[in-house]
Amino acid sequence: MAWTYDAIIGFSNGMLKGVELQKNKFKYTNLLDASLTLNTLSNYDENKTIISSKKRILIFDLNKKKVSKRYLIRETGNIIGVFKKNNVLVTGVDNGTVVVKPIKETKTVLKKVTTGSHLSCIRQVLTLDKFATGGNENPLKIWDLETGQIEFTAKSPKPDMLQLKQPCYVSDIQFFNNNKVVVSHRHGVVDLHDPLSSQRRPVASCKAEKTGFVSLRTMPDYSDYEVIVGTSKGSIFHYDFRGKSTLPVKTFRGSTGSVKSLSCISYLNQMHVMSISLDCHLRIHNFISGDLTIQDYIVAKPLALLIKPDEATI
Amino acid sequence: MDIKEEDSENEVNEGQAGPELPKLARKKPKGLLRQEKLKDLKNKKKIQKRDRKLRKASGDPKQVPRTIENTREPDSTVFHSEDEDFDQKTQDLAAEFDHDEFADYYSDLYKPKVLITYKEKPLRKVREFGKILTEIIPNSVRIFRRDASVKETIQAAINKGYTDLIIINEDRNEPNGLILVHLPDGPTAYFRLSNVIFPNKRQRKEFTNHRPEVITTNFTTGLGKTIARMLGAVFHQDAEFKGRHVVTMHNQRDYIFFRHHRYKFLKNKPYLRELGPKFTLRLQYLQEGLYDPKCGEYRWIMTDKRHKIETSRRRFFL
């Protein structure tokens, strides 16, 4: 098994570091110095990860600690997300085009899908051949990968009581196992959509005052209603869509900068929340008590976090 | 003998266990109390002085006074040379500074070009303040932005090739806020501006067009270093030493003091002459990217959560 690290962090100065969890300590190993800003990380297979910078995609071998393949995206704009599905790489660029490339050939482009301007997020649907996109004034859309057609479009948010238009800025999308979609907005709203129903407005939504949401993650214990969200001012909220209240169930405090990415991880046989934030710290909170367990200064600005995947998901 | 002893014992017992009458607690007059306190203080100082003399005579080292600065709470982002991974961390920091937004400036790839604007309709005092700043900061221009929003101003400044943007806010004819934006892709910092003292007539006469030297001191933490780099990047890199001007930005207990001096060496001794203006800056937030208060991501923010952050008066962030 090549995943000797518990997590991998990509930095803005091009470093890639593996993190091992030890008792009350983190252990770091330098994997790569690419001198490109590493925007996103995603899984490729058992011992490879996909790294993307502004215009390039690298496939990194964790065993040999080497870059095995390079791709170049010729688009005006930066890459905002990459994932691998079957035998193709699907890349989202922030001018709105989604580029589909075969894995074996680095130069040919299979397909291009235009998904509207100011794209900020692209995610794959785990079980089906679909992907979801969203961005600034660009609400959630679910696309079919083979045909390139829209399957579901969320309606823009409801106007308020004075009939004024509400802003819409999707920051992150995640899927539950029952194919419901959670969308976090930069204006402090988390929405739960049901693409199977005829309702295009959110089924449930939660709100926060004075903060925006940056990152989102569903819980790994197959509960289809709970979600953790990182805000732009540094706290992490735990929301539950089952209740009537729109307030968070729990808050994880401690960070003074925007939570760039977060994930659930098991540490000392208990569930913990691991997060990276723009104040250059790596933190672990206990999920049950909500206390800060460990924090460490990681010097450079982290942008992406990838947790060791379960063996079943690869 | 026995009887006598008993008697004496009895007497003693009486004296000890007898009913204690409450003494008439007469309040001392206030003046007397103050006098006593002064006396105590004088005695204390005398003892201290004697101890100091004794220490000096015996050759013991000087005692260090306890101040807020040297009892400050330890910060994880300050490096100490005795840390186990000190080398790795300094290496990482150097790599970070090679790739951040100010790397181009510090590797001397461009010359800064600064735009100074005000709030929508500035009053006299804040216009005067902007005028003085343009005289100090080399290669800077000031304009009125009229009804253009901050975001529009930023876009226009990027198109015209400016590298930094300063926006001064005012309240009741007093400058009270300063937004500093590094163009073209951030970061943005907002400072509270206070205690602005303008140069007087004599000082204004001594202003020259030479580019000043810039000193940023006492920034220790990771955030502080970023702020220092940001403030330094507003000024020109190569100073004109002929002008003998120096701009100092000194950080003390999270307040950044701005001073402008003219120096002279007489018999190898430096002499300073203050030119003004004097003001202090206090960081409110540092934002990633361009100015966007609603959707922006913050690297560090104090507004709305000051009580959560300021847990102790010995905790500092810069």
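Couple of notes before you dig in:
- Within the same chain, aspartates and glutamates fewer than 8 places from B:LYS42 are excluded, and of the rest, those with a Cα less than 17 Å from its Cα are B:ASP51.
- Dipole magnitude of region A:101-201 about its Cα centre (Cβ charges: Lys, Arg +1; Asp, Glu -1), debye to nearest 20: 200
- Estimated dipole of region A:184-237 in Debye, rounded to 20 [Cβ of Lys and Arg +1, of Asp and Glu -1, Cα centre]: 360
- Filtered chymotrypsin sites (Phe, Trp or Tyr not before Pro), region A:218-293: DSSP coil and at most 15 other beta carbons within 10 Å: A:TYR222
- Lysine pair count for region A:13-68 [Cα-Cα under 28 Å; pairs on different chains or 8 or more apart]: 28
- Remark: for residue pairs A:LYS233/A:LYS308; A:LYS180/A:LYS210; A:LYS210/B:LYS308, the C-alpha separation exceeds 21 Å in A:LYS233/A:LYS308; A:LYS180/A:LYS210.
- Charge dipole (Cα centre; +1 on Lys/Arg Cβ, -1 on Asp/Glu Cβ; no other charges) of chain A amounts to roughly 780 debye.
- Taking every residue in A:227-237 and counting other chain Cβ atoms within 10 Å of its Cβ, the average works out to 3.
- Global geometry of chain A, whether rounded, prolate or oblate, following the gyration tensor of its Cα atoms and the 1.5 cut on a/c: oblate
- Placing a pseudo-label 7 Å from each Cα along the Cα-to-Cβ vector at A:ASN87 and A:THR29 gives an inter-label distance of 3.3 nm.
- Long-range HN-HN contacts of A:HIS281 with modeled amide H, under 5 Å: A:ILE298
- Label-to-label distance, B:GLU20 versus A:MET161, with points set 7 angstrom from Cα along the beta-carbon direction: 6.9 nm.
Coordinate-derived values only; no laboratory data. These figures come from a predicted structure and were not determined experimentally. Every residue, glycine as well, gets a Cβ built from its backbone with ideal geometry; the counts of neighbours run over all protein chains shown.
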